[in-house]
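Working notes, structure below.
The values are calculated or read from the model by the stated rules, or taken from the named source; none is laboratory data. The shown structure was predicted, so the numbers you read here are calculated from the model rather than taken from an experiment. Every residue, glycine as well, gets a Cβ built from its backbone with ideal geometry; the counts of neighbours run over all protein chains shown.
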Amino acid sequence: MSDCKAMILGLKGHMPSAEEIAFYRGEQPWGFILFARNLSEPQQISDLVAALRDTVGGRNAPVLIDQEGGRVQRLRPPLAPSYPAAAVLGALYNADKAIGQRAAWLMSRLHAFDLMKYGINVDCLPVLDVPVEGSHNVIGDRAYGTDPQTVSIMGLEAAAGLKAGGVLPVIKHMPGHGRGMADSHHDLPVVTASRAELEAHDFIPFQAARHELMAMSAHIVFTALDPNNPATTSRYVIEEIIRGHIGFDGLLMSDDISMNALKGTIGERAKAIVAGGCDMVLHCHGHMDEMIQVAEAAPVLSGKSLQRAKAVEAALGRMDGADEAAIRAEFEGLLATA
């Protein structure tokens, strides 16, 4: 893994093209990410995951996916069951804390069953953002609730369920997307809350999950922290807030570099992400011209970033041996009774 580059890449179709295969072999991305456009039927997905790993020497490279439940679920029936959004689990927790926590763990454990069948070993979950009144619906029902304590407790259960099934969680979107009044896929959200407000609300779930191994940054400007740069490219936010105040020392990846919240060419964005202190550049769309720019800017993993990446790979695939049918029946029973 010592010659891998600090980047996670997508691809265009159901299998890597000859051009993509040659590119991945030459540039050696650390990991890959899949979207609905890449998924058709079970054998195809398994073959795709194996083909991607083959391009990086056959190692157990992290293969990521966004499988939250609700509206953000890349694997859908018949590839995987439909699952409720995080807000539904949060409502269960508000009604009965023990049932809500158990449901969060069970649903993530089921995600792990669904993903590991195909060889997918990283889920970009849980969402630890805490929405505030009037914020953009890009988070919305993806959040477990509107108070930091609920989000903290439910997020930790969700992360634990994934890990029990051999899948690593990615906590997102650090240090918090809940106050965003715009969708960072399209615009740059600017948050004007004071640092004291952020510490008392937004940062709390991330502090609770600070010992997790992976996190994703937020493309948001916090004027009280760094008025000139979104968190993803802000050395101050990453060093002083994420690494310092929050205490997260795991692998920090950017949110998708292609999102319009970031400015400049893809190459300029990649350089800014690396300079800001993110360990990994995430590029999702599979556009070859953009991936070339990312590869030119992304360094070979070294130092702390390499240590963090090694810690992730060492933790992949540790499964608890649970019975899928029993877990599924318990989860469906909780939802039915609630």
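Some points to look at:
- Matching entry among 223, 232 (being closer than 18 Å to residue 6 by Cα and touching a residue at least 12 places away in the same chain (Cβ under 8 Å)): 232
- A count restricted to region 81-113 and to residues that are among the hydroxyl-bearing types (Ser, Thr, Tyr) and touching a Leu at 6+ places or on another chain (Cβ under 6 Å) stands at 1.
- Pairing residues of region 185-213 that are surrounded by fewer than 22 Cβ atoms within 10 Å (Cβ to Cβ) with residues that are of a type in the set (Lys, Arg) and not in a loop (DSSP other than H, G, I, E, B), at Cβ distances under 7 Å and at least 6 apart in sequence or on separate chains, gives no pairs at all.
- Some residue of region 250-260 being hydroxyl-bearing (Ser, Thr, Tyr) and at pLDDT 95 or above: yes
- Single condition residue 78 does not satisfy, out of (1) on the phi > 0 side of the Ramachandran plot; (2) in contact with a Pro (Cβ under 9 Å, 6 or more places away or on another chain); (3) not hydrophobic (A, V, I, L, M, F, W, C): (1)
- Selected residue (criterion: surrounded by the fewest Cβ atoms within 10 Å (Cβ to Cβ)) from residues of region 39-56 that are assigned to a loop (DSSP other than H, G, I, E, B) and free of Cβ contacts under 8 Å to residues at least 40 places away in the same chain: 41
- Test result for residue 215, part of a strand (DSSP E or B) and at pLDDT 95 or above: yes
- Cβ pairs under 6 Å, 6+ apart, first in region 119-132 and at positive phi, second surrounded by fewer than 24 Cβ atoms within 10 Å (Cβ to Cβ) and part of a loop (DSSP other than H, G, I, E, B): none
- Residues satisfying the stated conditions in region 220-265, i.e. under 20 Å from the mean Cα position of the chain (by Cα), among the aliphatic types (A, V, I, L, M) and in a loop (DSSP other than H, G, I, E, B): 220, 246, 257, 259, 261, 262
- Scanning region 8-37 for residues being assigned to a helix (DSSP H, G or I) and not aromatic (Phe, Trp, Tyr) gives a total of 10.
- Among the conditions (1) in contact with a helix residue (DSSP H, G or I) (Cβ under 9 Å, 6 or more places away or on another chain); (2) crowded, with 24+ Cβ neighbours inside 10 Å, residue 177 misses just one, which is (1).
- Subset of region 3-22 that is farther than 17 Å from residue 119 by Cα, surrounded by fewer than 20 Cβ atoms within 10 Å (Cβ to Cβ) and of a type in the set (A, V, I, L, M, F, W, C) - its residue that is nearest to the chain's Cα centre (by Cα): 21
- Residue selected from region 301-319 under the condition at pLDDT 95 or above and touching a helix residue (DSSP H, G or I) at 6+ places or on another chain (Cβ under 8 Å), by the criterion nearest to residue 107 (Cα to Cα): 315
- Some residue of region 233-254 being in contact with a Lys or Arg (Cβ under 7 Å, 6 or more places away or on another chain), more than 30 Å from residue 112 (Cα to Cα) and either of a type in the set (Val, Ile, Thr) or surrounded by fewer than 17 Cβ atoms within 10 Å (Cβ to Cβ) (or both): no
Condition check ((1) in contact (Cβ under 8 Å) with a residue 12 or more places away in the chain; (2) not in a helix (DSSP H, G or I)) across all residues:
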residue	(1), (2)
271	yes, no
274	yes, no
286	yes, yes
294	yes, no
309	yes, no
326	no, no
334	yes, no
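- Evaluated against (1) surrounded by 24 or more Cβ atoms within 10 Å (Cβ to Cβ); (2) more than 25 Å from residue 289 (Cα to Cα); (3) in contact (Cβ under 8 Å) with a residue 60 or more places away in the chain; (4) of a type in the set (Gly, Ala, Ser), residue 217 falls short on exactly one condition, (2).
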